[in-house]
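The values are calculated or read from the model by the stated rules, or taken from the named source; none is laboratory data. Note that this is a predicted model, so its numbers are computed, not measured. Virtual Cβ from ideal backbone geometry, glycine too; neighbours counted across all protein chains shown.
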Ligand code: GLN
């Protein structure tokens with residue numbers, strides 16, 4: 001069974017747990033989902049979700065608990081991470097905000113709440129690279145990705161701005177895939193890479 005951790009210091013934790021369990025059931029895979037509030041758990045996880053919520057709070061608690069470096073090591077080892085909304089802000093290289101200690105997992109810079117200045121929340125159907133049909137995306141005080149490094153793939157845009165990005169084993173969205181019943185992004189980010197690993201193991 002695969003162990004998938006949901007970073008649970010603050011934010012939309014139970015929604016990610018549910019989405020991961022749905023994705024596992026739909027693909028007939030055994031997973032153990034663990035909520036991460038302290039150090040020492042991340043090293044035993046095969047994949048991680050980094051939820052939305054409040055990025056200043058999340059980054060402060062990750063650092064306080066010593067979970068920040070464990071997440072950096074997890075990404076450096078090429079293990080999957082799905083970061084959503086505030087999770088994207090925390091995963092970025094730069095959030096242009098001293099109150100957010102970014103993890104630098106993705107070579108992007110983000111503007112916190114940039115969509116939110118115009119409109120608090122909105123929904124849109126997005127074409128996402130790797131998915132056959134549009135994804136119904138829920139944006140809530142969403143960050144804007146305003147700089148993308150050369151090693152970052154843009155998986156989806158909205159009004160010409162990146163809203164889903166990937167670099168190595170890290171996938172991040174400025175919207176909230178955990179708030180809809182559609183678990184395709186959880187599968188894409190967290191399950192497909194694990195299944196690919198499992199296939200390699202089976203052939204070896
Ligand atoms: N704007 C929030 C922040 O800066 C993120 C919003 C969200 O995750 N829904 O943390």
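Name the one entry in 101, 146 that is within 16 Å of the ligand (Cβ to nearest atom), surrounded by fewer than 19 Cβ atoms within 10 Å (Cβ to Cβ) and outside any loop (DSSP other than H, G, I, E, B).
Numbers: 101 fails: outside any loop (DSSP other than H, G, I, E, B).
Just a single option satisfies the conditions, and that option is 146.
If only one of 115, 139 is assigned to a strand (DSSP E or B) and either within 16 Å of the ligand (Cβ to nearest atom) or under 16 Å from the mean Cα position of the chain (by Cα) (or both), which one is it?
On the way: 115 fails: assigned to a strand (DSSP E or B).
Testing whether each residue is assigned to a strand (DSSP E or B) and either within 16 Å of the ligand (Cβ to nearest atom) or under 16 Å from the mean Cα position of the chain (by Cα) (or both) leaves just 139.
Among the candidates 121, 55, 109, single out the residue that is surrounded by fewer than 23 Cβ atoms within 10 Å (Cβ to Cβ), within 17 Å of the chain's Cα centre (by Cα) and within 15 Å of the ligand (Cβ to nearest atom).
On the way: 121 fails: within 17 Å of the chain's Cα centre (by Cα); 55 fails: surrounded by fewer than 23 Cβ atoms within 10 Å (Cβ to Cβ).
None of the others qualify; the one that does is 109.
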When you scan the stretch 24-32, do you find a residue that is in contact with a helix residue (DSSP H, G or I) (Cβ under 6 Å, 6 or more places away or on another chain) and without any contact (Cβ under 8 Å) to a residue 60 or more places away in the chain, even just one? yes
Hits in the stretch 63-74 - residues which are surrounded by 19 or more Cβ atoms within 10 Å (Cβ to Cβ) and over 15 Å from the mean Cα position of the chain (by Cα): 67, 70
Restricting to the stretch 75-91, and then to whatever is crowded, with 24+ Cβ neighbours inside 10 Å and more than 11 Å from the ligand (Cβ to nearest atom), can you tell me which residue is nearest to residue 164 (Cα to Cα)? 82
Scanning the stretch 173-186 for residues that are assigned to a helix (DSSP H, G or I) and surrounded by fewer than 24 Cβ atoms within 10 Å (Cβ to Cβ) gives 179, 184
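Could you list, in sequence order, the residues of the stretch 149-162 that are out of contact with any helix residue (DSSP H, G or I) (no Cβ under 9 Å at 6 or more places or on another chain) and crowded, with 17+ Cβ neighbours inside 10 Å? Please lay out each step first, then the result.
Quick first cut of the stretch 149-162, residues out of contact with any helix residue (DSSP H, G or I) (no Cβ under 9 Å at 6 or more places or on another chain) only: 149-154, 156-157, 159-160, 162.
Those that are out of contact with any helix residue (DSSP H, G or I) (no Cβ under 9 Å at 6 or more places or on another chain) and crowded, with 17+ Cβ neighbours inside 10 Å: 152, 156, 162.
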If you go through the stretch 7-48, how many residues are more than 13 Å from the ligand (Cβ to nearest atom) and under 19 Å from residue 142 (Cβ atoms)? 1
Cβ-Cβ below 7 Å, separation at least six or inter-chain, first residue in the stretch 87-106 and over 19 Å from residue 51 (Cβ atoms), second buried (at least 24 other Cβ atoms within 10 Å of the Cβ) and modelled with pLDDT of 95 or more: which pairs? 93/106; 93/108
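Condition (residue is within 16 Å of the ligand (Cβ to nearest atom), outside any helix (DSSP H, G or I) and without any contact (Cβ under 8 Å) to a residue 40 or more places away in the chain) applied to the stretch 150-158: is it met by at least one residue?
Taking the stretch 150-158 and keeping what is within 16 Å of the ligand (Cβ to nearest atom), we get 158.
Now restrict to residues that are outside any helix (DSSP H, G or I): 158.
Now narrow it down to the ones that are without any contact (Cβ under 8 Å) to a residue 40 or more places away in the chain: 158.
Yes, the stretch 150-158 has at least one match.
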Among the residues of the stretch 36-54, the number that are over 16 Å from residue 80 (Cα atoms) and in contact with a strand residue (DSSP E or B) (Cβ under 9 Å, 6 or more places away or on another chain) is 2
